Amino acid sequence: MEIRIRGYREEDRERLKEITIAAFPGVSIDRAIEERFGVLNGVDWAARKRQSIDADCDAHPDGIRVAETDEGEVIGYITTRPNRDSRLGWIPNMAVDPACQGGGIGRQLMQAALDYLRAAGMTHAKIETLVTNERGQAFYPSVGFVEVARQIHYVAELGG
């Protein structure tokens, strides 16, 4: 199977959300919240994660790269948001269809994202992951990222 990396098209949006839900269950803050507190106000973790993909697509569609097979099937993506003031690019989301993981697609997507951020004038790029994401913790350093901090996420029930 031959893979090509291309820019985002609006018709990719729903597929990106499908891939996200398939790839994120064990490494999503929203999923961890749901495991602890249940579904929040009828909106499950997957719906909230889909909303974050919509936000990426709406905020900076030019910074999204998509992995596509030679048959035209979208099998992965990465989103970026350059900050022109600080020149620090952010990679908020990246996912590869679980059936296609392990074949270097994530590496190709990451390279395309970093190339995009460089071309946009960024001097640095940041990406975040959870301690539960062992794959990310191994992958990100292998493509040049260094750990700079750890963060703990807290949630409070507000009642009523």
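The values are calculated or read from the model by the stated rules, or taken from the named source; none is laboratory data. Small disclaimer: the values here were computed from a predicted structure and weren't measured. Every residue, glycine among them, receives a Cβ derived from its backbone with ideal geometry; neighbour counts consider all protein chains shown. Protein only, heavy atoms only, side chains kept; ligands, DNA and RNA dropped before computing areas. Shrake-Rupley method; radii C 1.70, N 1.55, O 1.52, S 1.80 Å.
Per residue, the accessible area of the chain comes to 59 Å² when a 1.4 Å probe rolls over the protein heavy atoms. Considering the chain at the alpha-carbon level, its Rg and Dmax are found to be 16.0, 53 Å. Summarising the amide proton neighbourhood of Ile64: residues at separation of 5 or more, or on other chains, whose placed amide H is nearer than 5 Å comprise Tyr8, Thr80. Across the stretch 104-117, computed HN-Hα scalar couplings (Karplus, 6.51 cos²θ - 1.76 cosθ + 1.60, θ = phi - 60°) run x, 5, x, 5, 5, 5, 4, 4, 4, 5, 5, 4, 4, 4 Hz from first to last residue, x flagging Gly and Pro.
Using the crude model of +1 on Lys and Arg Cβ and -1 on Asp and Glu Cβ, and no other charge, please compute the dipole size for the chain relative to its Cα centre, in debye to 20. Please list the in-between numbers first.
Numbers: 20 positive and 25 negative charges, 119 e Å.
With Lys and Arg at +1 and Asp and Glu at -1, about 560 debye.
For the stretch 1-45, the residues whose amide N sits under 13 Å from a probe point set 7 Å from the Cα of Thr69 along the beta carbon direction are 1-4.
What percentage of the solvent-accessible surface of the chain, computed with a 1.4 Å probe over protein heavy atoms, is contributed by carbon and sulfur atoms? Mind dumping the intermediate values first?
Details: 4590 of 9500 Å².
Carbon and sulfur: 48 percent of the exposed surface of the chain.
Along the chain, the longest continuous region that contains none of the GluC sites (Glu not before Pro) in a DSSP loop with at most 14 other C-beta atoms within 10 Å is 3-70. Amide hydrogen proximity for Gly89: with H placed 1.01 Å from N in the peptide plane, the residues at 5 or more positions away or on another chain lying under 5 Å are Asn83, Thr123, His124, Ala125, Lys126.
Select from the stretch 17-120 those trypsin sites (Lys or Arg not before Pro) which occupy a DSSP coil region and have at most 11 other Cβ atoms within 10 Å, ordered by residue number. Mind dumping the intermediate values first?
Details: sites: Lys17, Arg31, Arg36, Arg48, Lys49, Arg50, Arg65, Arg84, Arg87, Arg107, Arg118; in loops: Arg84, Arg87.
Listed in order of number, the matching sites are Arg84.
Expressed as a fraction of 2.2 N^0.38 Å, the C-alpha radius of gyration for the stretch 83-128 is 1.28. The accessible-area ordering, largest first, of the residues Asp62, Asp115 stands as Asp62, Asp115, per a 1.4 angstrom probe. Taken as Cα centroids, the stretch 87-160 and the stretch 1-48 sit 15 Å apart, rounded to the nearest whole angstrom.
Here the Karplus curve 6.51 cos²θ - 1.76 cosθ + 1.60, taken at θ = phi - 60°, turns the phi angles of the stretch 18-23 into couplings of 4, 4, 4, 5, 5, 9 Hz, with x standing for Gly and Pro. Length gained on full extension, Ser86 to Arg4, computed as 0.36 nm times the residue gap minus the Cα-Cα distance: 26.4 nm.
Dividing the summed helix terms, -39500 (n - 2.57) for each DSSP H run of n ≥ 4, by the number of residues in the chain produces a 222 nm estimate of -11500 deg cm²/dmol to the nearest 500.
To the nearest 0.05, how large is the calculated FRET efficiency for Glu157 and Thr129 if R₀ is 45 Å and r is the Cβ-Cβ distance? Don't skip to the end; give the middle numbers.
On the way: r = 26 Å, r/R0 = 0.58.
About 0.95, to the nearest 0.05.
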